[in-house]
Amino acid sequence: MNEDHHRGRRQWLGLTAAWAAALAACKRAATVEDTGPRMLGTPVSAYGERSSFETAKRALPDTRYPETASSRTPLQESCGMLTPSSLHFERHHAGVPKIDPAAHRLLIHGLVDRPTTFTMEELRRLPSSSHIYFLECAGNSSSEWGPKTGATATQSHGLASCSEWTGVPLSLLLSESGVQKQAKWLVVEGADVCKMQRSLPIEKAMQDALVAWGQSGEALRPEQGYPLRLVVPGWEGNINVKWLRRIQAVEEPYMVRDETSHYTDLMPDGTARMFTFVMEAKSLITYPSGGHKLKPGFCEIQGLAWSGRGRIARVEVSADGGRTWRDAALGEPRIEKAFTRFRLPSNWDGGEVELQSRATDDTGYVQPSKEALVAVRGVNSQYHYNGIKAWKVAADGSVSNA
Amino acid sequence: MRSLLLLAVSATMLAQSPKYGAGRAPTEDEIRQWNISVSPDGKGLPEGSGTAAIGKEIYSNRCARCHGEKGEGRDSVPLAGGQGSLKNPKPIKTVGSFWPYATTIFDYVSRTMPFEKPGTLTANQVYAVTAYVLFLSGIVQEDAVMDARSLPKVRMPNRGGFVADPRPDTGGKKKGVR
């Protein structure tokens, strides 16, 4: 495909040149002094810390109300497909509550034959399962609607993370409670002081929603809903209610604040889309990205792609502002509704370049350009931006938002 | 002799009889205490009532510092104004211009407000503040009584302004479609 175009870009994406550069780099590093430690290291420890040399941290907002705010995952400093729980993005509406798991209860009531209260211990005794899913705030990348786009991957896409979640399927709990046929929605509510709530269609609840207590090998972090949260795979972060305490089976959605005033998408004609749950396919180049400084020679382009509708089937990378594209290699395991890391070897010759990535999921949906999104939705819908993100590499190697 | 019986891994999760016997039945009182959600047709609205005339003072003391005396939104989101602005280049989304249901105001105020002390207003106070917020947008009269019967009947100006999710609306399946 497009061989002529590719030939013209060989200086950037050509493998031959890339390997030559990599080999040259290896030769230069041939003489190594032994600078290793000469004393015993620190003893074993009960709970590990990262190296004191590592500095990746969540980006905090400048706000007078940090209890109703978000912090962002530094995606450009991540490797692989998982986000460390300590760096998982946050969005709270009334701060992080401190909840004693021994005192926590989950109540299921409403249109059920058997209203039931579960303790944490009772929930943990039920058949459990573990799944790797991304979680993304509906407002992630809202900066990209306007002319002033996010300057770094953290700023533009940092309200997305990926974890392994362990819990009991919500369908099992609903079945235990004898959910009735006329129940079409669930009101799901947290135990934070503002009792954050949403309405969840029962169909999705029965399909793959998880009532989770585990995150990436340990208990949920307090800021991720300890001791219990809802995980609604592929759907906007807000409905993944944290500190889950109550599930009420009802016939109609309750039209709560966060599905009317907020998390609705205003269109140019003045109407607003409601219950826009799914997070559509999206990708982002994390290296090189805003704030990085490239050196001429070999460069492995890397990034993350995800889709709330399924598995990532393809990620293409362009080095000429979207005129020509080349397929990136997709990391394994490639899991539906999880981050997929993509990689593409390249060689940078010192010229000005505009880099883009474009994801396709296994439904055939192709990540749109910003122009295509704006043409349909205007610039005031705030949520669910999934357009192609571009980074400019200047002649001096500095990388910035296009 | 006691033993552990191994069960087959099964997919019969949707059986409608309890299979695991986990949890216990809550009392009616427990459910009542926990169930604070209010539906658009008024399910869950408590006893009590209030008017904008009464709500004005509560609002002034508990709400105005962030939302402004007239709901103009000083440090927080505006509550009034913006009607007719939703098609504008800079739309102003407020309770008056955007919110489709009056019951949502009661539900949201009672569970989240005031921001530093959520859940501390009485039902009467929440009805009164709700009435005042509606009054600021010219939706109810100053002496209109808001209670479990009248509040669900309040017609919000943007009640018909919401549509279902039509996505995917971009990202056509043909390769190269942008």
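Bear in mind that the values in this text are calculations on the coordinates, not laboratory data. Not measured: the values here are computed from a predicted model. Glycine gets a Cβ as well: all are built from the backbone with ideal geometry, and neighbour counts include every protein chain shown.
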Inset, instruction - Give the peptides A:221-229, B:95-103 in descending order of average Cβ contacts within 10 Å, highest first. - result: B:95-103, A:221-229
Inset, instruction - May I ask which of A:242/A:370; A:370/B:90; A:184/B:117; A:242/B:56; A:148/A:282; A:195/B:153 have a Cα-Cα span longer than 28 Å here? - result: A:242/A:370; A:184/B:117; A:242/B:56
Inset, instruction - Would you mind pulling out the separation of the Cα centroids of the range A:242-275 and the range A:318-360, in Å? - result: 35 Å
Legend entry - Residues whose placed amide H lies under 5 Å from that of residue A:196, excluding near-sequence neighbours: A:190
Inset, instruction - Return the distance in nm (one decimal) between the two label points of a simple spin-label model at residue B:25 and residue A:396, each offset 7 Å from Cα along Cα→Cβ. - result: 7.5 nm
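Give me a single rounded figure for B:54-60: the average over its residues of other chain Cβ atoms within 10 Å of their Cβ. Please report the intermediate quantities before stating the final value.
On the way: counts 0, 0, 0, 0, 0, 0, 0.
That average works out to 0.
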Inset, instruction - Bin width 10 Å, alpha-carbon pairs only: give the P(r) of the range B:12-88 as whole percents, running from 0 to the bin holding the largest distance. - result: 13, 20, 30, 15, 13, 9
Inset, instruction - With N set to the residue count of the range A:228-274, report its C-alpha Rg divided by 2.2 N^0.38 Å to two decimal places. - result: 1.36
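Enter the mean number of other protein chain beta carbons within 10 Å of the beta carbon of each residue in A:280-289, as an integer. Mind showing how you got there, number by number?
Working: counts 5, 2, 0, 0, 0, 0, 0, 0, 0, 0.
Other-chain Cβ atoms within 10 Å of each residue's Cβ, averaged: 1.
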Inset, instruction - Go ahead and collect, in residue order, the members of the range B:67-90 whose backbone nitrogen is under 19 Å from a label point 7 Å along the Cα-Cβ direction of residue B:57. - result: B:69-70
Inset, instruction - May I have the convex hull volume per residue, in Å³, for the Cα set of the range A:119-253? - result: 121 Å³
Legend entry - Sequence-distant residues sharing a close amide H with residue A:110 (under 5 Å, placed H): A:249
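So for the range A:60-143, what percent of the C-alpha to C-alpha distances run longer than 14 Å? Show your work: numbers first, answer last.
Values: 2688 of 3486 pairs.
Summing the P(r) tail past 14 Å for the range A:60-143 gives 77 percent.
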Legend entry - Reach of residue A:389 by Cα under 14 Å, taken over aspartates and glutamates that are not fewer than 8 positions away in the same chain: A:144, A:316, A:320, A:354, A:371
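At 1.567 mPa s and 4 °C, plugging the Kirkwood radius over alpha-carbon pairs of the protein assembly as shown into Stokes-Einstein gives what diffusion coefficient in µm²/s? Don't skip to the end; give the middle numbers.
On the way: Rh = 26.0 Å.
Stokes-Einstein gives a translational diffusion coefficient of 50 µm²/s.
Using the per-residue mean of other Cβ atoms lying within 10 Å as a proxy for protection, in what order, highest first, do the peptides A:195-201, A:34-40 fall? Working shown, then result.
Details: A:195-201: 23.4, A:34-40: 5.4.
Descending packing order for the listed peptides: A:195-201, A:34-40.
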Inset, instruction - Place +1 on the Cβ of every Lys and Arg and -1 on the Cβ of every Asp and Glu in the range A:59-153, take the dipole about the Cα centre, and give the residue among A:128, A:152, A:111 whose Cα lies farthest towards its positive end. - result: A:111
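Given only helices, namely DSSP H runs of n ≥ 4 each adding -39500 (n - 2.57), what is the per-residue ellipticity at 222 nm of chain B, to the nearest 500 deg cm²/dmol? Before the final figure, lay out the partial values.
Working: 5 runs with 46 residues, N = 178.
So the helix-based figure for chain B works out to -7500 deg cm²/dmol.
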Inset, instruction - Please check which bits of the range A:295-334 a label hung off residue B:165 would reach, taking the label as a point 7 Å along Cα-to-C-beta and the cut-off as backbone N under 18 Å. - result: A:306-312
Inset, instruction - Report, as an integer, the average count of C-beta atoms from other chains found within 10 Å of each Cβ along B:98-110. - result: 4
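In square nanometres and to one decimal, what's the mean projected area of the convex hull around the Cα atoms of the range A:257-345? If you can, show how the numbers build up before the last one.
On the way: hull surface 34.3 nm².
Here the figure is 8.6 nm², rounded to one decimal.
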Inset, instruction - Take the Cα atoms of the range A:322-396, build their convex hull, and give its volume per residue in Å³. - result: 140 Å³
Inset, instruction - Calculate one ³J(HN,Hα) per residue across the range B:37-46 by plugging θ = phi - 60° into the Karplus curve 6.51 cos²θ - 1.76 cosθ + 1.60, and present them in order as whole Hz with x for glycine and proline. - result: 6, 10, 8, x, 8, x, 4, x, 5, x
Inset, instruction - For a footprinting-style exposure proxy, rank B:4, B:79 by other Cβ within 10 Å, fewest first. - result: B:4, B:79
Inset, instruction - Would you work out if the range B:104-169 is rounded, prolate or oblate? Take a ≥ b ≥ c from the square roots of the eigenvalues of the alpha-carbon gyration tensor; rounded if a/c is under 1.5, else prolate when a/b is larger than b/c, oblate otherwise. - result: oblate
Inset, instruction - State log₁₀ I(q)/I(0) for the range A:246-399 at q = 0.10, 0.17, 0.19 Å⁻¹ as given by the Debye formula over alpha-carbon point scatterers of equal weight, solvent excluded. - result: -0.45, -1.00, -1.13
Inset, instruction - Can you spot the lysines whose alpha carbon is less than 20 Å from residue A:57's alpha carbon? Ignore those fewer than 8 places along the same chain. - result: A:293
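Can you give the calculated 222 nm mean residue ellipticity of chain A, where each DSSP H run of n ≥ 4 adds -39,500 (n - 2.57) and the sum is split over every residue, rounded to the nearest 500 deg cm²/dmol? Mind dumping the intermediate values first?
Working: 8 runs with 56 residues, N = 402.
It comes out at -3500 deg cm²/dmol, rounded to the nearest 500.
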Legend entry - Once the Cα gyration tensor of chain B is diagonalised, semi-axes √(5λ) in Å: 40, 29, 15
Legend entry - Column: log10 I(q)/I(0), Debye, Cα scatterers of the range A:98-174, q = 0.14, 0.18, 0.21 Å⁻¹: -0.71, -0.86, -0.97
Legend entry - Kirkwood hydrodynamic radius (C-alpha pairs) into Stokes-Einstein, the range A:189-297, 25 °C and 0.890 mPa s, D in µm²/s: 150 µm²/s
Inset, instruction - Return the tail of the calculated pair distribution for the range B:50-110, meaning the percent of Cα-Cα pairs more than 17 Å apart. - result: 45 percent
